[in-house]
1. Out of the residues in the stretch 100-119 that are among the charged types (D, E, K, R) and within 16 Å of Phe214 (Cβ to Cβ), state the one that is surrounded by the most Cβ atoms within 10 Å (Cβ to Cβ).
2. If you go through the stretch 318-334 one residue at a time, do you hit one that is surrounded by 15 or more Cβ atoms within 10 Å (Cβ to Cβ), in contact with a helix residue (DSSP H, G or I) (Cβ under 6 Å, 6 or more places away or on another chain) and of a type outside the set (A, V, I, L, M, F, W, C)?
3. Name, by its number, the condition in (1) under 30 Å from Glu293 (Cβ atoms); (2) in contact with a Phe, Trp or Tyr (Cβ under 7 Å, 6 or more places away or on another chain); (3) not in a loop (DSSP other than H, G, I, E, B) that does not hold for Ile380.
4. Across the stretch 82-92, which residue is farthest from the ligand (Cβ to nearest atom) among those that are under 18 Å from Gly264 (Cβ atoms) and open to solvent by 20 Å² or more (accessible area, probe 1.4 Å)?
5. Take Asn43 and decide whether it is buried (at least 21 other Cβ atoms within 10 Å of the Cβ) and touching a residue at least 12 places away in the same chain (Cβ under 8 Å).
6. Would a scan of the stretch 280-301 turn up a residue that is open to solvent by 10 Å² or more (accessible area, probe 1.4 Å), under 18 Å from Ala100 (Cβ atoms) and not in a helix (DSSP H, G or I)?
7. Is it the case that the stretch 64-87 has a residue that's within 19 Å of the chain's Cα centre (by Cα), β-branched (Val, Ile, Thr) and not in a helix (DSSP H, G or I)?
8. What's the total number of residues in the stretch 251-275 that are buried (at least 24 other Cβ atoms within 10 Å of the Cβ), within 16 Å of the ligand (Cβ to nearest atom) and among the small types (Gly, Ala, Ser)?
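The values are calculated or read from the model by the stated rules, or taken from the named source; none is laboratory data. Everything numeric in this text was worked out from a predicted model, so none of it was measured. No Cβ is skipped: glycine too gets one built from the backbone with ideal geometry, and neighbour counts run over all protein chains shown. Surface areas here come from the heavy atoms of the whole protein model, side chains and all, with no ligands, DNA or RNA. Shrake-Rupley method; radii C 1.70, N 1.55, O 1.52, S 1.80 Å.
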Amino acid sequence: MTITPLMPVYPRCAVRPVRGEGAYLIGERGERYLDFASGIAVNLLGHGHPHLTKAIQDQAATLMHVSNLYGSPQGEAYAARLVENTFADTVFLTNSGAEAVECAIKTARAYHSSAGNAEKHTLITFNNAFHGRTLGTISATNQEKLRKGFDPLLPGFAYAPFDDINAALDLVDDNTAGFLVEPIQGEGGIRPASQPFLQALRDICDKRDLMLVFDEVQCGVARTGHLYAYEHYGVTPDIMASAKGIGGGFPMGACLATEKAARGMVIGTHGSTYGGNPLACAAGQAVLDVVLEEGFLDQVKATGERLRGALEQLIPNHDQLFDSVRGVGLMLGLKLSSDSRAFVAHLRDNHGLLTVAAGENVVRVLPPLNIDDSHIAEFIEKLSAGAASYTPPEA
Ligand SMILES: *Cc1c(COP(=O)(O)O)cnc(C)c1O
């Protein structure tokens, strides 16, 4: 037998964390890493945050799980809080981002089919999109590396270049249900859509009664300095998927929708065994307690500006390697002039700094949202030392 007990689908690196303390991860041999990856935008309060930890501990001891056959005071209170603080009128709770996107896809299709327009089933999505790893969500991207070997995929998706409004409008026909788009592409390379692009999608949806679906699984939950990135753009979706940071490390997701958009999601149309159980809701509530606290979002914006400024200052010192900085708030990307994967590995293995590689040679910089200036200074020091000691592999 050569297969490992853990199905070998991940190219796991040599970092083997066993403990976390705030913005640091500690490995099996006691080595420390500055964690500017945050479990890919998940641990938004860092590791071991006392309020989040206590909320989970208390709820685990009180009531961990009940079936969605029963009434849910915890789910009602949590959903009401999301509704109060977003565009949405209603929320379906999930355990992951892909499930939140799946629910968003079903909600968009049900919107049309419930009105007798079942032929309006196609969502227009965008090149380099990442929406998850289920069969539905890999069908919603045209990235070959995610799809290869899993045919036949789901019909009902069409693909346009990201941020290209004319190309997107050209695809609209009588089968179009709407658009599915990340306002800021994450895996694709921290690419913010332009405001006119998202506004134009909103306008065509209004004109043709289509659904605008935002995938805010990575850019949502305070990461941009807004609770959700759509606020940054001033463009409101009909349906939105949220996950990653939403539970601060507890597996959780949500599909949010307006009352109108959710008209097809009636009793019996959807479900999840675990989705929105009391333990998950306690984690979600604890995260909202912190990010909705007076001043927290402003603090994220200010920290993001300081981190971005520090990164921009560093570029001229390493202009052979560093190209530019992109992103919003604390969802930042450092674009390199060569492969980012090798540089991310170098920072990790030789400088104790964790970041994440993304498309377009981008190093994703996704720190916990509650970092302070000492963390920024340490990050810049490690990044600078990493750039100085780095030789890009031969192309
Ligand atoms: C991570 C991610 C997903 C998938 O989330 P999972 O929890 O891994 O299923 C979907 N969309 C975007 C934009 C993501 O970044």
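1. Glu102
2. Taking every residue of the stretch 318-334 in turn, at least one turns out to be surrounded by 15 or more Cβ atoms within 10 Å (Cβ to Cβ), in contact with a helix residue (DSSP H, G or I) (Cβ under 6 Å, 6 or more places away or on another chain) and of a type outside the set (A, V, I, L, M, F, W, C).
3. Tallying (1) under 30 Å from Glu293 (Cβ atoms); (2) in contact with a Phe, Trp or Tyr (Cβ under 7 Å, 6 or more places away or on another chain); (3) not in a loop (DSSP other than H, G, I, E, B), Ile380 fails exactly one: (2).
4. Asp89
5. Details: buried (at least 21 other Cβ atoms within 10 Å of the Cβ): yes; touching a residue at least 12 places away in the same chain (Cβ under 8 Å): yes.
Criteria met by Asn43.
6. No, the stretch 280-301 has no match at all.
7. Scanning the stretch 64-87 turns up at least one residue that is within 19 Å of the chain's Cα centre (by Cα), β-branched (Val, Ile, Thr) and not in a helix (DSSP H, G or I).
8. 2
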